[in-house]
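Beneath this line is the structure, given in structure tokens, with notes to follow.
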């Protein structure tokens, strides 16, 4: 995923146009590359499942590790869905802090917002996710 982002930069597939800082642009290229890779994996999984169903591949006798892997994939899917439903700024700051290991101050700089605004978006995003998963656990 990261490799494909760098390849896009090196081969000219992603071009810096000066509308943002280089750091912000690079993170956008990486984020879009990650989304493309996730979409490709999802389509591969769907295609494999469809192929198994059409060709009558049995699902009995599935290894417990495979069941756990599917459950983990479903949990990740729920988290990604919840993140996708957040407002853009909240999603961006949480992504930069949790997935890219930045501080809130660094995330604010990348996003081009004040530190106070980044803290507000960070806090609201975390609270909204916590409510979402608390409601989901009650159902």
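Name the single residue that is nearest to residue 25 (Cα to Cα) among those in region 81-126 being assigned to a helix (DSSP H, G or I), within 12 Å of the chain's Cα centre (by Cα) and in contact (Cβ under 8 Å) with a residue 40 or more places away in the chain.
Going through the qualifying residues, I end up with 96.
For region 9-39, give me the residue count where each residue is part of a loop (DSSP other than H, G, I, E, B) and either surrounded by 15 or more Cβ atoms within 10 Å (Cβ to Cβ) or assigned by TED's automatic domain parsing to the domain that holds residue 108 (or both).
Qualifying residue count for the region: 2.
Filter region 112-139 down to residues that are modelled with pLDDT under 90 and buried (at least 16 other Cβ atoms within 10 Å of the Cβ) and give me whichever is nearest to residue 20 (Cα to Cα).
The extreme case among them is 129.
Residues in region 42-58: is at least one at pLDDT 80 or above, within 27 Å of residue 8 (Cα to Cα), in a helix (DSSP H, G or I) and out of contact with any strand residue (DSSP E or B) (no Cβ under 7 Å at 6 or more places or on another chain)?
No: region 42-58 contains no residue that is at pLDDT 80 or above, within 27 Å of residue 8 (Cα to Cα), in a helix (DSSP H, G or I) and out of contact with any strand residue (DSSP E or B) (no Cβ under 7 Å at 6 or more places or on another chain).
Is there a residue in region 66-77 that is farther than 29 Å from residue 127 by Cα and either at pLDDT below 80 or not in a helix (DSSP H, G or I) (or both)?
Yes, that holds for at least one residue.
The values are calculated or read from the model by the stated rules, or taken from the named source; none is laboratory data. Remember, it's a predicted structure, so these values are computed and weren't measured experimentally. Positions of Cβ are generated from backbone atoms using ideal geometry, with glycine treated the same way; all protein chains shown enter the neighbour counts.
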